[in-house]
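What follows draws every value from the coordinates through simple rules; no lab data is involved. None of the values given here were measured: they were computed from a predicted structure. Cβ atoms come from the backbone with ideal geometry, glycine included; neighbour counts cover every protein chain shown.
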Amino acid sequence: LLFVPIPRSISTITTVVNCEKSLFSTPKLIKSAAISEMSIFIQKWGKPTKFNMNKEETKLLKEIKSIHDIVIIQADKGGKIVIMNKNDYFNQIEEKLNDLNVYEQVKNDPTTIIKTEINKKVTKMLEQNKITDHNKYDLTSIDDLPKIRGQLKLHKIDTPMRIVTCSRDTITSPISQFIFRIIKELRTTLSGVVYEHLASLDIQDLYTNIPVNKAIDIILKRIGESNKLDNLPFTKIDIKELLILALKNNYFQFNEAYVGQTKLDIDNRMKQHSKAINDNENNSNSEMVKHFQEKKFQCLFDTTYQLVRNFLLRAELIKITSIERA
């Protein structure tokens, strides 16, 4: 996994497409220069005369590829390589996905529904001359759902599986990039963080729900208070609908199954963490309990001390201590 064999051939179409995608938001002059350099490289490229693997290594690689009942994955930390039985790999991931408090099983492929919603919004903005034909093509050019993989936590007891998902180059990533370029100027409206506080609890997976509606309301409120977006053709309704498309269609695919995040709000998720702590308070191996008992809180989100305290109280985490000022 830390070694790349020299390619014996290249795909011209794939190389050009990936190059143009990566340069989408760059200035036209830089984009033209980069594409020109890429074209020259492709024209001059020739099959290498030397290979960076000897005959024994090449033979071993073919033998490994012929073993169909194993998977080779990266460990969660430490850069180690793990070889697992394929059935064990699938079973461990599916065991986590079957937790209905965190994930929901989707009966049918949601791609068509998501694609229809995106097309409807993008076509409307094109008809209103808010975007170009090129924008429409880019925003509707990908049909793939995110896929997930598993990484073993070798540094943990019983080596649990961590689920990893990536939304890059998937169905909602063009919308996400587009709306990010619009709202990123709002960052300049934020005041300093000298008097703000940050807090979090240790969690099992970094895939918990955020209060999406509240987050969107905050963004729209910031837009209303700022003149950063006055020269853009988009209304607050446009921005809200784009944010909803990007943030609420969080489905992914694994082993021919379609899964989405549970719709539980953040208060109920925090109560689940509280229950996990209480249920395992006598379990000396529980790191969540250890962190709670040792008052190990870390900083993850901006808020005020009183809001943090009230939030944790509502979530029934009654020991409100060690929340330090940033």
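At a 10 Å Cβ-Cβ cut-off, how would you order 251, 137, 258, fewest neighbours first?
Values: 251 21, 137 11, 258 17.
Ordered by Cβ neighbours within 10 Å, fewest first: 137, 258, 251.
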Per-residue HN-Hα couplings for the stretch 71-82 [Karplus 6.51, -1.76, 1.60; θ = phi - 60°; Hz; x = Gly/Pro]:
10, 10, 10, 8, 6, 5, 9, x, x, 7, 9, 10
Provide the descending list of Cα extents for the stretch 1-66 along its principal axes, expressed in whole angstroms.
47, 23, 19
How high is the FRET efficiency from residue 136 to residue 4, r the C-beta distance, R0 45 Å, rounded to 0.05?
0.80
Of the listed links 80/153; 31/240; 86/153; 65/86; 77/156; 136/214, those spanning more than 20 angstrom between alpha carbons are 31/240; 136/214
